[in-house]
Amino acid sequence: MGKRRMPDLYRAPFPLYSIKVDPKTGLVITAGGGGASKTGIKNAVQFLDLQLDGGHQYNASLLHSHDTDTRATMNMAIGNGVIAAGQDGTCSLMKFKHCTPKEEGKAAAEDAENSMQRGNARHRGGKRDKGGRDEAAASGDMSPMKDETAHISVTRLAEVQSDLNPKDPLQKVVRFSPDLSLLLTGGTDGHIRVWEHLVTVGRDFSCSVWSGSQLAMGLKWLETMPQIAEKIYRYMACRFGKVADQKGALRLYTVQIPHKRVRKPPPCYLTKWDGKSFLPMLTAPCGTEFDSDCGTFIGLGTVTGSVAIYIAFSLQKLYYVQESHGIVVTDLAFLPDSLKGKNIKGNNETAMLSVAVDSRCQVHAVPNRRSFPIWLVLFFCGLMVVGVVLLLQYLFPGFI
């Protein structure tokens, strides 16, 4: 599938940097903004209702827009009704709830009452904003919302300083642990905070496996591509993913990109690793710089706006749209098999959402591939054998 314009699922009034799908509530959550610059571009986290019409057509409607003041959300993670949003050098924790108007007012009153009891005991890092926003975040009061809706309530829980870079602090990644008990943040100061076992990549050509605070090993993807010289490529991204048919098994996926930019850049590479031994299993060219894994498929987006879907087992390219966005793809999210008990994939094998700096949210669906039952294949094979035998008997009498 080559260069063509994909229809927009939703278009925000600001650049989009992150998108997530909450399988519990069925909400699609996007975030971004114009930052602190006085351009009039707002900063917000938006909640979308995704619907599938006729098994093929996707529609999304805006349910609620939560204003994040002067800070754009660059990355986020979702777990059990809590959003961890990376905003500049801080990680803002917000609780959201999908409720009726009466439930929303009751939840707000309960949160305000509980927060007053524990407000003095809560401590958070970060700089003090104008208007006493520190006190509001620490006490758990309801934050202001520009777009008043009766279905989504958002409560600010806390805020922590997640990056201590003295020049330009910026949180670049945030993740919840699988059991949602731990939160991991990483930023431009080169530090990983709060985790137990993780893999990190950096601009120093390294991909490291850590156990606690101890370096366990360094990964070498060039073992699968010995013809490539060292320090030609650097690691761009890494992500763990489940194995569809092996319960408890994990795979690590890394993306390697050229270290230097040239007029005719060489291809980028995608490598699959064993999640326990961390041995490289397979490497394939991909030409992309960002990945998101759902277990069976891997989604990748590029700085030129292209979107691709690969089969996780073989790293075979299954879907590709060149310059679908026309500008940097900032995040991807696969749709689960069902949302709120309804089939959301329709007649598709998989479907993936993408967002970019062009403010557009798009959906990329891969239709179910046609397959034939094994008995039908064997039947036709038998007919072919009989046909070949009869043909030989006709051409060479007495062959049998």
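Cβ-Cβ below 6 Å, separation at least six or inter-chain, first residue in the range 55-74 and assigned by the TED database to the domain that holds Tyr10 and farther than 21 Å from Ser153 by Cβ, second at pLDDT 90 or above and aromatic (Phe, Trp, Tyr): which pairs?
Met74/Tyr17
Does Glu230 fit the bill of being modelled with pLDDT of 85 or more, surrounded by fewer than 13 Cβ atoms within 10 Å (Cβ to Cβ) and farther than 29 Å from Asp69 by Cβ? Reasoning before the result, please.
On the way: modelled with pLDDT of 85 or more: yes; surrounded by fewer than 13 Cβ atoms within 10 Å (Cβ to Cβ): yes; farther than 29 Å from Asp69 by Cβ: yes.
For Glu230, the condition - modelled with pLDDT of 85 or more, surrounded by fewer than 13 Cβ atoms within 10 Å (Cβ to Cβ) and farther than 29 Å from Asp69 by Cβ - is met.
Quick one: is Leu318 in contact with a helix residue (DSSP H, G or I) (Cβ under 8 Å, 6 or more places away or on another chain) and open to solvent by 20 Å² or more (accessible area, probe 1.4 Å)? Don't jump to the end; show me each part of the working.
Numbers: in contact with a helix residue (DSSP H, G or I) (Cβ under 8 Å, 6 or more places away or on another chain): no; open to solvent by 20 Å² or more (accessible area, probe 1.4 Å): yes.
Considered against the rule, which asks whether it is in contact with a helix residue (DSSP H, G or I) (Cβ under 8 Å, 6 or more places away or on another chain) and open to solvent by 20 Å² or more (accessible area, probe 1.4 Å), Leu318 comes out as no.
Just to be sure I understand the filter: pairs with C-beta atoms under 6 Å, separated by 6 or more residues or on different chains, first member in the range 36-50 and closer than 10 Å to His64 by Cβ and free of Cβ contacts under 8 Å to residues at least 60 places away in the same chain, second member open to solvent by 30 Å² or more (accessible area, probe 1.4 Å) and of a type in the set (Ser, Thr, Tyr). Which pairs pass?
Asp49/Ser61
Working only within the range 175-211, note down all residues that are in a strand (DSSP E or B) and among the aliphatic types (A, V, I, L, M). Steps first, please.
Narrowing the range 175-211 to residues in a strand (DSSP E or B): 175-176, 183-187, 192-193, 197-201, 207-211.
Selection gives Leu183, Leu184, Ile192, Leu198, Val199, Val201, Val209.
Return yes when Ser18 is touching a helix residue (DSSP H, G or I) at 6+ places or on another chain (Cβ under 8 Å) and either without any contact (Cβ under 8 Å) to a residue 60 or more places away in the chain or not acidic (Asp, Glu) (or both) and no when it is not.
no
Residue by residue through the range 252-270, note down the ones that are touching a Cys at 6+ places or on another chain (Cβ under 9 Å) and of a type outside the set (A, V, I, L, M, F, W, C).
Going through the range 252-270, the residues touching a Cys at 6+ places or on another chain (Cβ under 9 Å) turn out to be 252-258, 267-270.
Within the range 252-270, Tyr253, Thr254, Gln256, Pro258, Pro267, Tyr269 meet the criteria.
Within the range 35-62, can you find the residues that are under 19 Å from Lys172 (Cβ atoms) and surrounded by 13 or more Cβ atoms within 10 Å (Cβ to Cβ)? Step through it out loud before you land on a result.
Initial filter on the range 35-62 (under 19 Å from Lys172 (Cβ atoms)): 35-36, 43, 45.
Matches in the range 35-62: Gly35, Asn43, Val45.
For the condition more than 23 Å from Leu282 (Cβ to Cβ) and either open to solvent by less than 80 Å² (accessible area, probe 1.4 Å) or in contact (Cβ under 8 Å) with a residue 12 or more places away in the chain (or both), what is the one hit in Leu215, Leu164? Can you show your working first?
Working: Leu215 fails: either open to solvent by less than 80 Å² (accessible area, probe 1.4 Å) or in contact (Cβ under 8 Å) with a residue 12 or more places away in the chain (or both).
Being more than 23 Å from Leu282 (Cβ to Cβ) and either open to solvent by less than 80 Å² (accessible area, probe 1.4 Å) or in contact (Cβ under 8 Å) with a residue 12 or more places away in the chain (or both) holds for just one of Leu215, Leu164, which is Leu164.
So, Gly241, is that one over 21 Å from Ala308 (Cβ atoms) and crowded, with 16+ Cβ neighbours inside 10 Å or not? Can you show your working first?
Details: over 21 Å from Ala308 (Cβ atoms): no; crowded, with 16+ Cβ neighbours inside 10 Å: yes.
So Gly241 does not fit the description; no.
Going by the conditions given, is Lys172 part of a strand (DSSP E or B), open to solvent by 60 Å² or more (accessible area, probe 1.4 Å) and assigned by the TED database to the domain that holds Asp331? Talk me through it step by step, then tell me what you get.
Working: part of a strand (DSSP E or B): yes; open to solvent by 60 Å² or more (accessible area, probe 1.4 Å): yes; assigned by the TED database to the domain that holds Asp331: yes.
So Lys172 passes the test.
Quickly run through the range 351-400 and pick out the residues that are open to solvent by 40 Å² or more (accessible area, probe 1.4 Å) and within 30 Å of Phe14 (Cα to Cα).
The answer is Val357, Arg360.
On the given criteria, is Ile83 buried (at least 16 other Cβ atoms within 10 Å of the Cβ) and either outside the structural domain of Ser359 (by the TED database) or closer than 20 Å to Phe14 by Cα (or both)?
Values: buried (at least 16 other Cβ atoms within 10 Å of the Cβ): yes; either outside the structural domain of Ser359 (by the TED database) or closer than 20 Å to Phe14 by Cα (or both): yes.
Here the answer is yes, as Ile83 does meet what is asked.
The values are calculated or read from the model by the stated rules, or taken from the named source; none is laboratory data. Keep in mind the model is a prediction, meaning the values are calculated, not measured. Because the Cβ atoms are built from the backbone with ideal geometry, glycine has one as well, and the counts that use them run over all protein chains shown. Side chains included, ligands, DNA and RNA excluded: accessible areas come from the protein's heavy atoms. Shrake-Rupley method; radii C 1.70, N 1.55, O 1.52, S 1.80 Å.
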